[in-house]
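To start, the structure itself, in structure tokens.
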Amino acid sequence: MKISPLLYSLLAASLFISGCSGKDENKPKPPQTKAIKTQSGPAYIPPRVRPTPSNPTVNLPFNFPRSIGVSHSRGDTSQPYIAMTFDDGPHPTNTPRLLDMLRARNIKATFYVIGENVKRYPALTRRIVAEGHEIGNHTWTHANLKKLSDQGIRRELDRTKAIIISTTGVQPRTMRPPYGALFQRQREMIFREYGYPTILWAVDPQDWKRPGPSVVTSRILNSTRNGSIVLAHDLHAPTITAMPATFDGLLKKGYRFVTVSQLLAQKAAAQRSRSTVQ
Ligand code: NI
């Protein structure tokens, strides 16, 4: 086989080059850049992760005295404690999503559950309690209690109370009437017989009308004050979508999340300290 002079010189040149690169192995390697080059495809760039803000653990007591009174739409206004409440669940897809968001931020909320839904989703109801949230009585069928007799009200509350206890092992300590509808006489009857204060709200973003997640967030951020009880529904998916920005915005403003019972216990303590000062 004849090798042309041109090919010969090319071969010699390539041997020379590879010989040179062999000597370079002892030289210090250039510093590694942030992007890690893989054998195929583009360089890998690590994603930017924004840290999730965390609600500080608030060691307020959970037990409130009977002297706290029959109905409440807010707690004490001298401290930045607020209570997020979620009604009408548990819901099989929305509630787990919400629980993940709450857990990521160390936020404890209060769930006003419907008895029928507790019966349908017992494991989910247990998860709510296991993760430190409070459960309140929101009746069995989401009835308008203003239209019921006292006996009808008792049926709604008794059945719901019983299934919450048998499912989770904990007693609901407060109730919220569906639609906020409850006569003063009925509130007093429930407080006397069950020990449940009637819990209404100070902030209502009207999320059940589905105005869009950003509207829900801005309504809550604009209206929340010290001691606010905030109404929302884990029945509606857009409400859940609104929650990360809502939680993070409220934390940024300095608010601290507690449960409704903790808010009432703190309200009672504040009332006691004011009465001893006077
Ligand atoms: Ni409701």
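The values are calculated or read from the model by the stated rules, or taken from the named source; none is laboratory data. Values in this document were obtained by computation on a predicted structure and should not be read as measured data. Don't worry about glycine lacking a Cβ; one is built from the backbone with ideal geometry, like all the others, and counts go over all protein chains shown. Heads up: the accessible areas ignore ligands, DNA and RNA and are worked out on the full protein's heavy atoms, side chains in. Shrake-Rupley method; radii C 1.70, N 1.55, O 1.52, S 1.80 Å.
Worth a mention:
- Checking each residue in region 146-157 for being over 28 Å from the mean Cα position of the chain (by Cα) and either surrounded by 14 or more Cβ atoms within 10 Å (Cβ to Cβ) or touching a residue at least 40 places away in the same chain (Cβ under 8 Å) (or both) picks out Lys146, Leu148, Ile153, Arg154, Arg155.
- The set of residues from region 181-235 being within 17 Å of the chain's Cα centre (by Cα), open to solvent by 20 Å² or more (accessible area, probe 1.4 Å) and of a type in the set (Gly, Ala, Ser) comprises Ser214, Ser218.
A quick yes/no check of all residues on (1) in contact with a strand residue (DSSP E or B) (Cβ under 9 Å, 6 or more places away or on another chain); (2) within 16 Å of the ligand (Cβ to nearest atom); (3) hydrophobic (A, V, I, L, M, F, W, C):
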site	(1), (2), (3)
Ile220	yes, no, yes
His233	yes, yes, no
Thr241	no, no, no
Ala245	no, no, yes
Leu251	yes, no, yes
Tyr255	yes, no, no
Ser261	yes, no, no
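- Being outside any loop (DSSP other than H, G, I, E, B), more than 21 Å from Asn137 (Cβ to Cβ) and modelled with pLDDT under 95 is a condition met by no residue of region 230-243.
- Candidates Arg159, Arg154, Arg120: the one that is at pLDDT 95 or above and in contact with a Gly (Cβ under 7 Å, 6 or more places away or on another chain) is Arg159.
- Qualifying residue in region 95-118 (condition: out of contact with any His (no Cβ under 9 Å at 6 or more places or on another chain), open to solvent by less than 20 Å² (accessible area, probe 1.4 Å) and over 18 Å from Thr246 (Cβ atoms)): yes
- Any hit, region 97-114, residues being among the hydrophobic types (A, V, I, L, M, F, W, C), more than 12 Å from the ligand (Cβ to nearest atom), free of Cβ contacts under 8 Å to residues at least 40 places away in the same chain and farther than 18 Å from Val216 by Cβ: yes
- Any hit, region 130-143, residues being buried (at least 22 other Cβ atoms within 10 Å of the Cβ), of a type in the set (A, V, I, L, M) and more than 15 Å from the ligand (Cβ to nearest atom): no
- Condition met for Thr85 (open to solvent by 60 Å² or more (accessible area, probe 1.4 Å) and either over 22 Å from Gly227 (Cα atoms) or within 12 Å of the ligand (Cβ to nearest atom) (or both)): no
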